[in-house]
């Protein structure tokens, strides 16, 4: 190294600067592109195994089959996608408005039940008016997804009205209690919800406008359907969070008293955030039942709320895509432990214990979450680089003032409003 | 017409009477101060005017309108802005964002379909205020990393961004060095007229230097009110302060 021989080595720092910028700018596009071709990649792997078997290359076939055990299957990716989106919807509250809801299973479950009930009710001879069943036969999934949005918005309004006026732990406890009301309701009215068996028999769900069948028989189609719907919803959330309203959310998170003093009706802002988050979560719940073709009662149980909290904190509540990273880690590890690791060590069948252990480690040592830590690391790197490029620390030594001729990407220095 | 008027304003905390039937009038463009020993009810009185605490009895009239029943954010929209004794900012937003978000409250709360950078006029206004509170070269620093005195200025900047007509400053020089305090006093002087400013202060020197009129609170009641010279000469005030 040394300033005297600057060209001797590979320019590590330049490369890192370039990499971080690319990660910031194109990360989301690369991720979306990867997700868009994923089923093809997985199908390609399956195809290669078959070809290798046909050609009697046993060694290769075996190696590829072992590899397949470590690659998430398309159904697992469906689960990962849904929870990634669910986490992002949940994070409108946790990461942005600073509200810790422990009741998001209510929306997730209600969204699922709405779709489930529509598909068992809106059939001829169930007492539903003819024009309704006729419309439904033509556009079943479209109508039930929209209904899920409406119903979960109403549930969010009801829970939000009661809970969002409270703060901190009281808010968390109220959302938990109110969501459990829905769980017990689902358990009690088992003629409608199927009780602990879940609401099954949802075969033949179709997207009427495209005449597409989705469900357990068509993993790839289901994957793409969920990818597109969740993708659009995620884009909407992203827009909301970068809007003036998103900025108000962060102001309320940072200092509610000050926000109110600035003239914001913080109670209404909190309620509005809650309804938004609940509605988007309801859509996640509706998407979650499509592949399995049934609504398990676990979807409305508290455990689901816990899962989404864990997923969000895994990835980092301070970042937009953190929950997506968290969802991948959570489901992938869970799958890996219960199908692959368990072959070597029986104790891995208790995957909850291991995931719990990892969760503790992350909370203790990487409190910003995986993506949050990467983000902070990027920021620190930029700060150091800004110093190298001629920025100077201010007297208090807390920040860096950077001259205007430094490249724009590096000039972003220590300003991170999100983490 | 007075900008602000308190009519027989009282606050009881259980059996404790923190503020007892205080009558108070502020004319437009005035720089007024409220002083008094610890526990005199200064901050409580302030909180009732700004809406942070509901009054037990009495009225707060702002620009001829009864605002006693209005909440803080509604009063903010009427033109009442305040700062706190303990610095109250958005620590993990940048200096510029702190001011920008305050300016935004005059425009929109629930706008979800545009991007923040699109609202150029808010950013311009924030830049102008950041310039005014002398934090321009730290505009991109996180507010929580600023020095104490700078945070106090930022809080005033946040309040200014909401276009207040009446500025309520609760001990703006708290925790500042004598030199900083003197500078801050001058700065506050420049704010008064067209704005109306009411400040609560502990530091007698600051108050004496810049105020048009001073009100002395003692045990929740108005002990004396008058110009700087009148207050200096007041025997009651001297007795209270000497004993303190």
Q) For residue A:142 and residue A:58, FRET efficiency with R0 = 45 Å and r from the beta-carbon atoms, rounded to 0.05? A) 0.40
(Q) Using Cβ contacts closer than 10 Å as the measure, can you line up A:28, A:300 from fewest to most? (A) A:28, A:300
Q.
Counting pairwise Cα distances across the range A:16-71, what percent come out greater than 12 angstrom?
A. 71
Q. Which whole number gives the average count of other chain Cβ atoms within 10 Å of the Cβ atoms across peptide B:92-103?
A. 5
Q: With a point put 7 Å past each Cα toward its Cβ, work out how far residue A:188 is from residue A:216 in nm, to one decimal.
A: 3.1
Q. Can you give the mean number of other chain Cβ atoms that lie within 10 Å of the Cβ atoms in peptide B:137-145?
A. 5
Q.
Could you list A:190, A:54 so that the one with the fewest beta carbons within 10 Å of its beta carbon is first and the one with the most is last?
A. A:54, A:190
Q | Cβ crowding within 10 Å averaged over residues, with A:168-178, B:7-17 ranked highest first | A | A:168-178, B:7-17
Q) In nm, to one decimal, how far is the residue A:158 label point from the residue A:204 one, both placed 7 Å along Cα→Cβ? A) 3.1
**Q.** For chain B, the fraction of alpha-carbon pairs in successive 10 Å shells from zero, as %
**A.** 7, 31, 35, 20, 6, 1, 0
(Q) Rounding to the nearest 10 and keeping the result within 0 to 90°, find how far the Cα-based axis of helix A:322-336 lies from the longest principal axis of chain A. (A) 60
Q | chain B, helix-only ellipticity at 222 nm - DSSP H runs n ≥ 4, -39,500 (n - 2.57), divided by all residues, nearest 500 | A | -10500 deg cm²/dmol
**Q.** P(r) histogram, all alpha-carbon pairs of the range A:112-190 included - 10 Å bins from 0, percent
**A.** 17, 36, 28, 15, 5
Q: Arrange A:276, A:67 by Cβ neighbour counts within 10 Å, fewest through most, would you?
A: A:67, A:276
(Q) Whole angstrom only: what separates the Cα centroid of the range A:151-178 from the Cα centroid of the range A:192-235? (A) 28
(Q) How tilted is helix B:148-160 with respect to the longest principal axis of chain B? Cα atoms for both, answer in degrees (0 to 90, nearest 10). (A) 80
Q.
Could you check the spin-label model distance between residue B:106 and residue A:365? Points 7 Å from the Cα along Cα→Cβ, value in nm.
A. 5.1
Q | Acute angle (nearest 10 degrees) that the helix B:178-191 long axis makes with the longest principal axis of chain B, alpha-carbon atoms | A | 80
**Q.** Inter-chain Cβ neighbour average for residues B:107-117, partner chain, 10 Å
**A.** 6
Q) Given R₀ = 51 Å, FRET efficiency for residue B:127-residue B:69 by Cβ-Cβ distance, to 0.05? A) 0.90
Q: Please report how far the C-alpha centroid of the range A:310-358 lies from that of the range B:154-193, rounded to the nearest whole angstrom.
A: 52
Q: Enter the mean projected area of the convex hull around the alpha-carbon atoms of chain A, in nm², rounded to one decimal.
A: 27.7
Q) Based on the Cβ-Cβ distance of residue A:298 and residue B:12, what FRET efficiency does E = 1/(1 + (r/R0)^6) give at R0 = 56 Å, to the nearest 0.05? A) 0.60
Q: Would you please put A:202-213, B:165-176, A:245-256 in order of how densely packed they are, using the mean number of other Cβ atoms within 10 angstrom per residue and starting with the highest?
A: A:245-256, B:165-176, A:202-213
Q | Relative intensity, log₁₀ I(q)/I(0), of the range B:136-203 from a Debye sum that treats every alpha carbon as a point, q = 0.15, 0.23, 0.24, 0.29 Å⁻¹ | A | -0.50, -1.11, -1.18, -1.42
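Only the coordinates and a few stated rules stand behind these numbers; no lab work does. Nothing here was measured: the structure is a model prediction, and the numbers come from that model. Reconstructed Cβ throughout: ideal geometry from the backbone, glycine too, with neighbour counts over all protein chains shown.
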